[in-house]
Every structure is written in C-alpha cells, then in structure tokens.
Amino acid sequence: MKKQRLIRLLFSYALLIFMTTIIVYPLLWTVGASFNPGNSLVSTSIIPANPTLDHYKELFAGKDSLQYVQWYMNSLKISLFTMLGTIISVSFTAYAFSRFRFKGRKNALTLFLLLQMIPQFSALIALFVLAQILGMMNSHWLLILLYIGGLIPMNTYLMKGYMDSIPIDLDESARIDGASNTRIFLQIIMPLSKPMVAVVAMNGFTGPLGDFILSSTILRTPESYTLPIGLYNLVNEVMGASYTTFAAGAILISIPIALIFILLQKNFVSGLTAGGTKG
C-alpha cells in the first residue's frame, strides 16, 4: 500500500510539474523576448544577454503607426463597460430563471444552452451587415453590446445554479416582512451571490481583452483598434514585423487582468468552485 501511495504521489507531482512547465515556459519566453534587443525572435533568449527597455519605450513613443496608449485605453473602456453590463444583465436574467416560474422558462434555458454551442465566427457576416445598417462601424458601444449579449447565456447558467443553492426560505421570510421582489433581489440575493458575481465580472472583463475576430470585424480604423488588433498588425507586416515589441505589448496586457484577479481573488475562487458543484 505504501508503494502504491508513493507511485501515485510521484505521478501527481510529475503531472503538476509538466502542466506548470507548459504554462510558464511560453510566458518566460515572452518576458525574455520583450527585453531582447532587435526585432527578430531568432536571436532572442529567455535570459537576455543585453537586456533593454527600448521596446517598452517604443510602445509609448506615440508614433502614428503604433498608437499603443490609444489601443490600451480602448480595450480598458470596452472591457470595463462589458463587465458592468454583463453583471447587471446576467444578475437579472439569472434571478428571473431561478426564482420565478413562467411560460417558456424551460425553452428559454434550452435556447441559452444551444446558443453556447454556436461558434462566434458563424455570425460575423450578419454582425458586419448589422453594423453597416445601423451606421455603427468603428463603434465601441456596438462592440460592448455584442460582447454583453454573447456572455449572457453561459454566465446566466452559472449564476442561476448558484442562486438555486440559496434557500428560498429567505425570500419567503422577507415577503412576510413586506419586502418586494426588487428589495429581495438587491438586499438578499445579490449580497449572497458575491462569489458568482466575481466570476461573471472576471469573464466579462477578460473576454474582450482577448478577442480578435469580432473586434476586427467591427473596428476598421487605427484609432478605434483594441490591443489584440493593434498588436497583431505589429507582426503581420511582411517587412516590418516586430516580434519583440509585440512581446512587450502582450506583457502589459496582463497588468489589468492581474489587478482585477487580485481584487476579486477571494470571491472568484469560492464562486468558481461553487458554480461547479451547486445547482
């Protein structure tokens, strides 16, 4: 028995080390490339022999072809408003599906489940035509609405499952005391759902920061670009590709994500585990 436990323990540690290496190794290469001189990845190394901050300085130099600060602010604007809109819309829809019984409820939940299975790129043509009809090409607000709409189905399922685990006796006790559905939602359900709200907030913030397909369909001018589009253009130029500058820009993207995760970490971890076991 001791030998079997030792084998299982060694296997577990070997698997953890292997997965950690797969995750950390590309990150270390990206960090190393951002400090390497030159523009090519051929001569880069994880530990640069002559580290330089030139690539980071280039990002903030304000060149016409590299509007990194503008792209950064555009991405933060879209991500923050998407996060807020997702929290509000998902909270209402999840509360309705969790606490009320109405005609078409089961069909709507099934539709939400089916919508999660449809690839995002399958609707790109329709969204492009819609943006042109509405005259909202290059509109960040249209992009925000599209992101919010795309995040509602999956996050509604997550939050509904969590709200289902909150005893309905709390609602009934509050109604006896004269509380309305709105007051129950704001003062009882939402405070108890903070862990899942943190999960929804994280999903709403990180989704737009990593999206390229949808944003590149709607946004067509350099001043309206988000970071994924702008950084892609750095390595898409045949003669002027700058992989090391791209690496520096990619590293800076992680700063707001890390800050949001630190702020939501306590609730985020408990909400993520609860969402997988409750409901």
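Given the peptides 3-16, 245-258, 116-129, arrange them by the average over their residues of other C-beta atoms within 10 Å, most packed first. The partial results should precede the final answer.
Values: 3-16: 9.6, 245-258: 17.9, 116-129: 11.3.
The most tightly packed comes first, giving 245-258, 116-129, 3-16.
From the backbone phi of region 163-173, what are the Karplus-calculated ³J(HN,Hα) couplings (6.51 cos²θ - 1.76 cosθ + 1.60, θ = phi - 60°) in whole Hz, Gly and Pro given as x?
Couplings: 5, 4, 7, 7, x, 6, 4, 5, 5, 5, 5 Hz.
Report the extension gain between Leu186 and Phe212 in nm, rounded to one decimal, defined as 0.36 nm multiplied by the number of residues separating them, less their alpha carbon distance. Mind dumping the intermediate values first?
On the way: separation 26, 0.36 × 26 = 9.36 nm, distance 3.54 nm.
Stretched fully, the Leu186-Phe212 segment lengthens by 5.8 nm.
So if we plug the beta-carbon distance of Ala14 and Phe261 into 1/(1 + (r/R0)^6) with R0 = 22 Å, what FRET efficiency do we get, rounded to 0.05?
0.20
Roughly what would the spin-label model give for Ile125 and Ser165, points 7 Å off Cα along C-beta, in nm?
About 4.3 nm separates the two model spin labels.
Would you look at the GNM of the chain, springs on alpha carbons closer than 10 Å, and say which of Ile152, Ile88, Ile168 moves the most?
Comparing Ile152, Ile88, Ile168 in the GNM, the peak value goes to Ile168.
Translational diffusion coefficient, Stokes-Einstein: compute it for region 111-223 using the Kirkwood radius over C-alpha pairs as Rh, at 4 °C and 1.567 mPa s, and state it as an integer in µm² s⁻¹. If you can, show how the numbers build up before the last one.
Working: Rh = 16.6 Å.
Roughly 78 µm²/s, to the nearest whole number.
Leaving ligands and nucleic acids out of the surface, order Leu143, Leu158, Leu28 by accessible area at 1.4 Å, largest first. Before the final figure, lay out each step's value.
Working: Leu143 0, Leu158 50, Leu28 80 Å².
Listed by decreasing accessible area, they come as Leu28, Leu158, Leu143.
With the radius of gyration and the Kirkwood radius both derived from the Cα set of region 63-143, what is their ratio Rg to Rh? Numbers along the way, then the final one.
Numbers: Rg = 17.5 Å, Rh = 16.0 Å.
Over the Cα atoms of region 63-143, Rg/Rh equals 1.09.
On full extension of the chain, what length is gained from Tyr232 through Thr21, given 0.36 nm per residue of separation minus the C-alpha to C-alpha distance? Intermediate values should be presented prior to the final figure.
Numbers: separation 211, 0.36 × 211 = 75.96 nm, distance 2.58 nm.
Going from the current span to full extension adds 73.4 nm.
Calculate for the chain the 222 nm mean residue ellipticity that helices alone would give, adding -39,500 (n - 2.57) per DSSP H run of length 4 or more and normalising by residue count, nearest 500 deg cm²/dmol. Numbers along the way, then the final one.
Numbers: 12 runs with 199 residues, N = 279.
It lands at -24000 deg cm²/dmol.
For Cα Rg over 2.2 N^0.38 Å, several values are listed as (i) 1.23; (ii) 1.15; (iii) 1.03; flag the one computed from this structure.
Read-out taken from this structure: (i).
Quick one: among Glu172, Glu58, Glu223, which has the greatest mean-square fluctuation in a GNM of the chain with alpha-carbon springs under 10 angstrom?
Result for the chain, Cα springs under 10 Å: Glu172 fluctuates most.
Rounded, prolate or oblate: which fits region 4-126, taking a ≥ b ≥ c as square roots of the Cα gyration tensor eigenvalues, rounded meaning a/c under 1.5, else prolate when a/b beats b/c? Working shown, then result.
Working: a/c = 3.01, a/b = 1.38, b/c = 2.18.
Verdict is oblate for region 4-126.
At 25 °C and 0.890 mPa s, what whole-number value in µm²/s does Stokes-Einstein give for the translational diffusion of region 40-198, with Rh from the Kirkwood sum over Cα pairs? Display every interim value, and only then the final one.
On the way: Rh = 19.7 Å.
Translational diffusion coefficient: 125 µm²/s.
Pulled fully out, how much extra length does the chain show between Ile133 and Lys2, if you take 0.36 nm times their separation in residues and subtract their Cα-Cα distance?
Values: separation 131, 0.36 × 131 = 47.16 nm, distance 6.98 nm.
Working it through step by step, the gained length comes to 40.2 nm.
If DNA, RNA and ligands are ignored and the probe is 1.4 Å, what is the ranking of Phe35, Phe81, Phe92, Phe112 by accessible area, most exposed first? Spell out each step's value before the answer.
On the way: Phe35 65, Phe81 95, Phe92 120, Phe112 35 Å².
So, going from the largest accessible area down, we get Phe92, Phe81, Phe35, Phe112.
Please report how many Lys pairs in the chain have alpha carbons closer than 26 angstrom, counting only residues at least 8 apart along the chain or sitting on separate chains.
Within the chain, the lysine pair count is 15.
Could you tell me the relative contact order of the chain? Use alpha-carbon pairs under 8 Å, at least six residues apart, and round to a whole percent. Provide the component values of the computation, followed by the final result.
Details: 307 pairs, mean separation 84.6, N = 279.
Relative contact order, the chain: 30 percent.
Got the relative contact order for region 1-139 handy, in percent, Cα pairs under 8 Å and 6 or more residues apart? Let's see the in-between values first.
Values: 46 pairs, mean separation 13.2, N = 139.
Relative contact order for region 1-139 comes out at 9 percent.
The values are calculated or read from the model by the stated rules, or taken from the named source; none is laboratory data. Note that the structure is predicted; figures quoted are calculated from it, not measured. Note that each Cβ is placed from the backbone with ideal geometry, even for glycine, and that neighbours are counted across all protein chains shown. All accessible areas refer to the heavy atoms of the entire protein, side chains included, with ligands and DNA or RNA removed. Shrake-Rupley method; radii C 1.70, N 1.55, O 1.52, S 1.80 Å.
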